[in-house]
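Visitor: Sharing a structure, written as structure tokens. Questions coming.
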Ligand code: C2E
Ligand code: CA
Ligand code: CA
Ligand code: CA
């Protein structure tokens, strides 16, 4: 496969493995999409709650199909996970995101970080560390500016293997964020076992704030836990001022959501950084 560090994924089609039981036509279109470079990356700001300054961006993949329009990741990521295309798409996203961060920093004139979603299959792939090292070397970005978002499930499939990978990531100074924290089935024991830096509170616990006492209790408990474990917290899916205020008052340092910035193409993210500069 041939890849570029550019803004679009342009690669030759890899071999498929097995017959998936989902949407065959969408799957066929995906291989075509890879060849045609229809995948792109959007970036959503992650801001400091009290100042609302941009600290980093989460990379979110998009598929712009010529006739279907924007195909949401919830439709194509599971297919890519099943047929293995996620390894190729994920490697491209990681490299392109690192290259993009360098450009963002030329605008921001201060250090930022980039957060990239890593799927379970990608995380378990033999080549994953090579892919990571290549992205860092190619972009010239420091590992400390990279956050890899994984879910509890990814860690639990094979904890022994997960631990060895996480240790190697820590050697590269890359940070690990637990995505959708609290929505999985795992115990909290893994927070002790694995070198984790960030918890991302799922939108499910944020969307009914500040009115829902149960969600309030859950967010408070996560913030308290994080504080005592020395972890940072990002609240996801923040859409209202009231939600931001609630979280800020309880010491949630980082906010991500439509209120402070929707996922956007790189050029719009750079415009947002410029505004940030003169704010
Ligand atoms: P996620 O990692 O939990 O990403 C957050 C999702 O919440 C994104 O949906 C984002 O657009 C959405 N979001 C952010 N702020 C708000 C808000 O204020 N309100 C609401 N209603 N939604 C908000 P998106 O971009 O559709 O991605 C969905 C999922 O697809 C992601 O969930 C992630 O699991 C997966 N995904 C996206 N890009 C990638 C990728 O490059 N690699 C992998 N492996 N998975 C990806
Ligand atoms: Ca994520
Ligand atoms: Ca999430
Ligand atoms: Ca989610």
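No value in this document is a laboratory result; all are computed from the given coordinates. Fair warning: this is a prediction, and the values are worked out from it, not measured in the lab. Using ideal geometry, Cβ is built from the backbone for each residue, glycine included, and neighbour counts are taken over all protein chains shown.
Visitor: List, please: which pairs have Cβ atoms under 9 Å, are six or more places apart or on different chains, and start with a residue in segment 216-241 that is at positive phi and end with one that is in a helix (DSSP H, G or I) and away from ligand 2 (no atom under 16 Å from the Cβ)?
Guide: Between residues of segment 216-241 that are at positive phi and residues that are in a helix (DSSP H, G or I) and away from ligand 2 (no atom under 16 Å from the Cβ), the close pairs are 237/243.
Visitor: Something else: Could you run through segment 197-214 and say how many residues are within 15 Å of ligand 1 (Cβ to nearest atom) and either within 16 Å of residue 258 (Cα to Cα) or free of Cβ contacts under 8 Å to residues at least 24 places away in the same chain (or both)?
Guide: Going residue by residue through segment 197-214, those that are within 15 Å of ligand 1 (Cβ to nearest atom) are 198-209.
If we keep only those that are either within 16 Å of residue 258 (Cα to Cα) or free of Cβ contacts under 8 Å to residues at least 24 places away in the same chain (or both) as well, we get 200-209.
Result for segment 197-214: 10.
Visitor: Continuing with this model, one more query. In segment 53-92, what residues are in a helix (DSSP H, G or I) and in contact (Cβ under 8 Å) with a residue 60 or more places away in the chain?
Guide: 82, 83, 85, 88, 89, 91, 92, listed by residue number.
Visitor: Looking at segment 247-266 only, could you name the residues that are out of contact with any strand residue (DSSP E or B) (no Cβ under 7 Å at 6 or more places or on another chain) and farther than 28 Å from residue 192 by Cα?
Guide: 257, 258, 259
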